[in-house]
1. Please work out how much accessible surface Tyr210 shows to a 1.4 Å probe, ignoring ligands, DNA and RNA, in Å² rounded to 10.
2. Using the charge dipole of the chain (Lys, Arg: +1 at Cβ; Asp, Glu: -1 at Cβ; taken about the Cα centre), state which of Leu122, Trp93, Gln206 has its Cα farthest towards the positive end.
3. Could you order Arg126, Arg95, Arg66 by accessible surface area, starting with the largest, using a probe radius of 1.4 Å?
4. Keeping all protein chains in the complex and leaving out DNA, RNA and ligands, what accessible area do you get for Leu128 with a 1.4 Å probe, in Å² to the nearest 10?
5. Out of region 195-246, which trypsin sites (Lys or Arg not before Pro) are coil in DSSP terms and have no more than 13 other C-beta atoms within 10 Å?
6. Can you work out the Karplus-derived ³J(HN,Hα) for every residue in region 130-140? Use 6.51 cos²θ - 1.76 cosθ + 1.60 with θ = phi - 60°, whole Hz, and x for glycine or proline.
7. How much area per residue is accessible in the chain when the probe is 1.4 Å and only protein heavy atoms are counted (Å²)?
8. From the C-alpha gyration tensor of region 161-247, pull out the three semi-axes of the equivalent ellipsoid (sqrt of 5λ each), sorted largest to smallest, in whole Å.
Amino acid sequence: MGLGVVYIGDRATGKTALATELINPDLKKWVHISGQSYDNLKRILCDDLGNFKGTDIDRVNVSSTRRFEVQVKLPSGPQIIPVDWVDTPGEVWRRYWPKENPQQWQKILANLSKSEGIMLILPPYRDLPDLKTEVAMQFPTQEQWCYRFQRWVSFFRSNCHEARHILICLNKADLFCDLNTEVNLLEYNPEGSMLNWFRRNSYIKQKYFYPIEQQIMTINEHYKTEIVKCFITSIKNRSLLELPWIYLAGHLR
């Protein structure tokens, strides 16, 4: 049975775009995807202008599962991660939805309960120092962002019993940082990166996740290991897009 990697996150955080752009064969560096057609996915998931549509809620099958293999080139040799991409619409993570749709909610929990890898995709928060002012009002304030994350803390502790790796991705990094500067520091280099995984995580957590550092610690304490790793991601930069998968390839059982 393949490893279950589940993307979760609220509506319009970019979950579908992240997964789809990873499959783009023209941009691959260290990560290559087989088992899915990028062109076919774009036709299904994008509108006529090429923009990603939100995942629709199907009342019968609330989540869609696509199977593929993530092939990662590592110094120790190529690593293959068989993946069940369980895509859920952001709507299901709203507070009211599980109460109104208990049977569908149980199906989602069944997938999560056996998943070793979970990627939580978060939006930027309005108080990030370098967030572009023209888009800032689209995003929650820091207080709202922290309050929402506390619900994720409770969710992980109650429902994700088989999780071994929880990767929290602060998405749309192109809106809140200089991508070139961060990529030069964070990108993967098999001959020796500027930062190892421990220092990458510490740097990102302290710079971008500092409002929820205590809550991240609470999750780690529950699992009795440092299960949470922090990333910044963007579909506009392949190096940042690949980093979570390179990490998983080197650390999954």
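The values are calculated or read from the model by the stated rules, or taken from the named source; none is laboratory data. Worth saying up front: this structure is predicted, and the values here are computed from it rather than measured. Here the Cβ is made from the backbone with ideal geometry for all residues, glycine too, and neighbour counts use every protein chain on show. These area figures cover heavy atoms from the full protein model, side chains too; ligands, DNA and RNA do not enter into them. Shrake-Rupley method; radii C 1.70, N 1.55, O 1.52, S 1.80 Å.
1. For Tyr210, the solvent-accessible surface is approximately 100 Å².
2. Selected residue: Trp93.
3. Arg95, Arg126, Arg66
4. Approximately 10 Å² for this residue.
5. Lys224, Lys236
6. 9, 5, 4, 5, 6, 10, 4, 6, 6, 10, x
7. It amounts to 49 Å² per residue over the chain.
8. In descending order, the three semi-axes are 22, 15, 12 Å.
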